[in-house]
Amino acid sequence: MSRIGKKPVAIPSGVTAAIDNGTLAVKGPKGTLTLGLSDLVTYKVEDGSTRLTYGHSLIADPWGHVICKASDGVGFTSGRVDTAYIEKCRKLIPVLEHKVLGTPAGQKRAFDKLDQIKPQLMWWKSGTQPVQLIASGDATYAVGFTGRIVRANEGGSKYPLLWKTLLYSVDYWAVVKGSPNAKEGMKMVEWITDSKPLLTLAETYAVSPANKEAAANPALSVKNPGMLSSHVADGLFINTEFWVANGEDLEQKFNAWQAK
């Protein structure tokens, strides 16, 4: 049991806590709060002690896949860790690239390269244009949405996908704290991340299922070779935190450069 997880949380006088169908509900004089509970953690409300205990230990890889986990009692667990796989995962997190771009020297380097290739650049505004530019012969290479290109190839086109130029990010689902529909919201998140509907969707569309079990399905990878989760090792992860912090400034600089 983890050092933190074994510590109970006292429930104040006049407050009640109950767990029902994966949701913790805490009710007090000022109202009720609910929280969806992870199935990787064990929670208990102890009878007669007004205390809440939680947690058991687990070992997970860098992407969150659980390698092994302990029971909710006292004990220990052990598992094999693939150090080569961990190193590979670390390389998929391009902290160095973003660190360089966050410096004046790194930004100068980027804009110097843009100056060099500017005469050969064409700009597009809609998702259909990259495919159209290639089809018409106006461009020999285009950056576009993967799904559009895969769909075009399914229709008979033969556009090669260069996975080493892949840029990808991660979407998130959240339920607003204190929402009156928090329980229903968590049910919706559970449904849209359930492997069954995601497997069905990914069989017909080049998306990466938002479920690790579905994304790792070998039969699905064969049936849908354009699935992004099969190619992330070749691509570059877009660091959302970096762009939240630096995006506005870099966008202004880029617009000024483009207008020159």
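Quick look at the values:
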{"item": "Selection status of residue 186, surrounded by 13 or more Cβ atoms within 10 Å (Cβ to Cβ), in contact (Cβ under 8 Å) with a residue 24 or more places away in the chain and over 30 Å from residue 132 (Cβ atoms)", "result": "yes"}
{"item": "Matching residues, region 77-99, being of a type in the set (D, E, K, R) and either at pLDDT below 75 or touching a Leu at 6+ places or on another chain (Cβ under 8 Å) (or both)", "result": "87, 88, 90, 91, 97"}
{"item": "Qualifying residue in region 100-113 (condition: over 23 Å from residue 238 (Cβ atoms) and at pLDDT 70 or above)", "result": "no"}
{"item": "So residue 117, is it in a helix (DSSP H, G or I), touching a residue at least 12 places away in the same chain (Cβ under 8 Å), β-branched (Val, Ile, Thr) and farther than 30 Å from residue 34 by Cβ", "result": "no"}
{"item": "Test: residue in region 246-260 that is closer than 30 Å to residue 101 by Cα, modelled with pLDDT of 85 or more, loosely packed, with under 14 Cβ neighbours inside 10 Å and within 17 Å of the chain's Cα centre (by Cα)", "result": "no"}
{"item": "Filter result for residue 197 (in a loop (DSSP other than H, G, I, E, B) and free of Cβ contacts under 8 Å to residues at least 12 places away in the same chain)", "result": "no"}
{"item": "Test: residue in region 147-169 that is modelled with pLDDT under 90 and closer than 30 Å to residue 23 by Cα", "result": "yes"}
{"item": "Residue list for region 123-167, restricted to those being of a type in the set (Gly, Ala, Ser) and either surrounded by 11 or more Cβ atoms within 10 Å (Cβ to Cβ) or not in a helix (DSSP H, G or I) (or both)", "result": "126, 127, 135, 137, 139, 142, 144, 147, 152, 155, 156, 157"}
{"item": "From the options 116, 120, 107, residue that is in the same structural domain as residue 204 (by TED's automatic domain parsing) and surrounded by 15 or more Cβ atoms within 10 Å (Cβ to Cβ)", "result": "107"}
{"item": "Within region 40-76, considering residues that are β-branched (Val, Ile, Thr), surrounded by 11 or more Cβ atoms within 10 Å (Cβ to Cβ) and modelled with pLDDT under 75, the one nearest to residue 233 (Cα to Cα)", "result": "41"}
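The values are calculated or read from the model by the stated rules, or taken from the named source; none is laboratory data. Please read all numbers here as calculations on a predicted model, not as lab measurements. With ideal geometry, Cβ positions are generated from the backbone for all residues, glycine too; neighbour counts draw on all protein chains shown.
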